[in-house]
Amino acid sequence: MLPKSQLTNSELLRYSRQILLPEWDMDAQLKLANARVLMIGAGGLGNPAAQILVRAGLGFLRLVDFDSIEESNLQRQFLFQSSDVGLPKVEVAVRELQKINPWTTLEAVDLKIDVDHLPELLADIDLVLDGSDNFATRDMINQACVQANVPLLSAAAIGLEGQIAFFQPEQGCYRCLFGNGLNDDTRQCAESGVLASTTAVIASLQAHHALLYLGLGQAPLANRLLVWNGITMQQRVLKFAKDHSCPICSRPVS
Ligand SMILES: [Zn+2]
């Protein structure tokens with residue numbers, strides 16, 4: 001498909017509040033209209049993050065999840081209603097997102113991701129947003145992104161805290177930052193709980209960074225980990241460097 005070189009009057013009106021911004025002009029809006037995002041997970045993070053990106057004018061979103069909607073999801077997963085319980089998450093999410101913005105091309109992939117499917121899912125993608133809920137999946141997505149040379153915006157939230165990091169090709173990866181996961185916090189929302197607002201805060205920050213990157217080419221969280229504490233409402237930004245012995249992103253010295 002040819003890149004979009006202009007927006008319709010309806011789109012101009014829809015996005016007028018951000019096109020007005022000195023920081024975000026028509027050029028940024030067009031870049032967003034031509035951007036292709038893969039979002040993994042249509043849960044507490046994926047719901048708000050997808051909604052923000054679609055409302056803002058993202059051109060293409062591929063949403064992947066394998067779960068069905070449960071009543072306990074409704075407390076924080078904004079796109080789902082009581083009547084949706086039992087339906088596949090991606091199907092309902094894409095249905096609702098398309099109602100919100102007819103200009104975004106949406107693709108629902110009802111699939112538990114694995115190493116075999118990831119290369120195909122990543123093939124035509126500019127940026128990955130990971131909103132999966134466990135270390136093993138995040139680690140697998142990281143490896144696939146390194147191999148496919150696609151930047152990864154990884155987010156996690158639990159209880160009253162969350163974190164985000166941005167990984168660009170050749171500059172370090174999730175494994176450089178977190179190691180092999182042996183010391184990983186393995187808590188999940190199903191066991192530990194999560195406040196309705198925690199996922200919304202972290203998903204909003206993740207979507208915000210995605211807009212900065214896709215529209216403006218900026219990456220303030222490149223090689224940085226943002227940690228948000230929902231009790232003190234403070235956030236810290238920690239720097240990290242590429243690990244030159246990383247088995248995922250550093251080639252062995254021959
Ligand atoms: Zn690495």
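Loop sites only, by DSSP: take the GluC sites (Glu not before Pro) in the chain that have at most 14 other C-beta atoms within 10 Å and name the longest stretch containing none of them. Kindly include the intermediate steps, with their values, before the conclusion.
Numbers: sites that count: 23, 70, 170.
The reported range is 71-169.
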Taking 8 Å as the Cα distance limit and 6 or more residues as the minimum spacing, I'd like the relative contact order of region 9-239 as a percentage. 21 percent
Taking a crude spin-label model, label points 7 Å out from Cα along the C-beta direction, the residue 117 to residue 105 distance in nm is 2.1 nm
Set 31/99; 89/242; 31/89; 112/242; 99/239 screened for pairs whose C-alpha atoms are more than 31 Å apart: 89/242; 99/239
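Please work out how much length the chain gains when fully extended from residue 75 to residue 9, using 0.36 nm per residue of separation minus the C-alpha to C-alpha distance, in nm with one decimal. Don't jump to the answer; show the numbers that get you there.
Working: separation 66, 0.36 × 66 = 23.76 nm, distance 3.65 nm.
Here the segment from residue 75 to residue 9 would lengthen by 20.1 nm.
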Once you have the Cα-Cα distance between residue 235 and residue 170, take 0.36 nm times their residue separation minus that, and quote the gain in nm to one decimal. 20.7 nm
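With n ≥ 4 as the cut-off for DSSP H runs, can you work out [θ] at 222 nm for the chain, using -39500 (n - 2.57) per run divided by the number of residues, rounded to the nearest 500?
Working: 10 runs with 90 residues, N = 254.
Helix-only estimate at 222 nm: -10000 deg cm²/dmol.
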In angstroms, what radius of gyration and Dmax does region 9-239 have, counting Cα atoms only? 16.7, 53
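Bear in mind these aren't lab numbers, they're just calculated from the coordinates by the rules spelled out. In this text the structure is predicted, and so the values were computed from the model without any measurement. Note that each Cβ is placed from the backbone with ideal geometry, even for glycine, and that neighbours are counted across all protein chains shown.
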